[in-house]
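Below is one structure; the comments refer to it alone.
Any read-out appearing in this document is the output of simple, stated calculations on the displayed coordinates, not a laboratory observation. As the structure is a prediction and not an experimental result, all values here were calculated from the model. Using ideal geometry, Cβ is built from the backbone for each residue, glycine included, and neighbour counts are taken over all protein chains shown.
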Ligand SMILES: [Zn+2]
């Protein structure tokens, strides 16, 4: 946004589109002066200025004129280096990777910076404003990383043993104090019947118990190795029948395809009528698509989240590095390990005690009894 292209191919050049450039400068100016991205989006929306997405659509010949600005568009503009006078082409390349269904799919990745091709364009934003904006963006990025809203170490990995519903982390404040606790969805009338009796669990106590257990496991490297090998073995064994079926399907597919190839010869030999050949082909097509469908489904189911060798290496490396100080790891690292280990937590309320069961690929821990927490029961 801010430029238009004149000329074609080698003669093409980018010139400033003054109307758009004015909007770009306004956005930079606001942001450099402390206005937030959300507020900028609101202002532009209120002024009924065509959004970049709408502009693109218009150029493609469709008229679809929403004036709704998204924060993402503003960020994209604030990060666009072209506005300082250099546009970088050749920034991305297409790579192919294995998709979920076993088929190849393409993905755009950023090339290393030295491969980018700089192209001089007229600058729209002055250097000083650009610097100011970049510094503010960087500060915002750091802040966002340091202060995520709430920390729930086992978010998405915790369930209630009584009603099997998932347990969610949720904030709560009382008399000016802020607490966070884990609460069973089975208590929420909006989602379920609401009659689960699992009390609230203090987040810190649950997280500490889980992390304590993980640290204990990780400080025993032999145990990691042993458990991981067991884990692999079980996974292989469970997947074996599916793998065999997959191979059988592939053979079947090949057979049908070679028969299909022969159809042409049969037709040319004039032994069969065109009608007969057509029928045979339709049947084969149906068989192919049925086999392909089963193949894809099977391949997907085989791709259950299994911990790879590489991830295991990462974990071992991490353990070594942190050594004795593992309990001082920051939240993001802890969460990564919790995920890597496929940690699952189950909460139980029994004999007036709150109990957490922790399980991961390294094994199953003894139930952790969390004494009555101060909570919003
Ligand atoms: Zn429950």
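At a Förster distance of 35 Å, what's the computed FRET efficiency of residue 332 paired with residue 161, Cβ-Cβ distance as r, to 0.05?
Values: r = 29 Å, r/R0 = 0.82.
With R0 = 35 Å, the Cβ-Cβ based efficiency is 0.75.
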Most packed first (mean Cβ within 10 Å per residue), the peptides 124-132, 292-300 order as 124-132, 292-300
Based on the Cα atoms of the range 1-127, what semi-axes does the equivalent ellipsoid have, where each is the square root of 5 times one gyration tensor eigenvalue, given in whole Å with the largest first?
27, 21, 17
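Given 0.36 nm per residue, what is the gain on full extension from residue 89 to residue 226 after removing their alpha carbon distance, in nm? Kindly include the intermediate steps, with their values, before the conclusion.
Details: separation 137, 0.36 × 137 = 49.32 nm, distance 5.01 nm.
Gain on stretching residue 89 to residue 226: 44.3 nm.
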Given C-alpha coordinates of the range 240-302, what is the ratio Rg to Rh with the Kirkwood estimate of Rh?
1.14
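Based on the mean of other Cβ atoms within 10 Å per residue, sort peptides 197-205, 101-109, 281-289 so the most packed one is first. Mind dumping the intermediate values first?
Numbers: 197-205: 20.0, 101-109: 10.6, 281-289: 12.7.
Those peptides, ordered most packed to least, come out 197-205, 281-289, 101-109.
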Convex hull over the Cα atoms of the chain, averaged projected area in nm²?
31.7
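Starting with the highest mean, order 21-28, 329-336 by the number of other Cβ atoms within 10 Å, averaged over the residues of each peptide. Walk me through the numbers on the way to the answer.
Values: 21-28: 18.9, 329-336: 14.6.
In descending order of packing, they fall as 21-28, 329-336.
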Just report the Cα centroid separation between the range 340-373 and the range 102-130, whole Å.
48
For n ≥ 4 DSSP H runs only, could you compute -39500 (n - 2.57) per run for the chain, divide by its residues and tell me the 222 nm figure to the nearest 500?
-16000 deg cm²/dmol
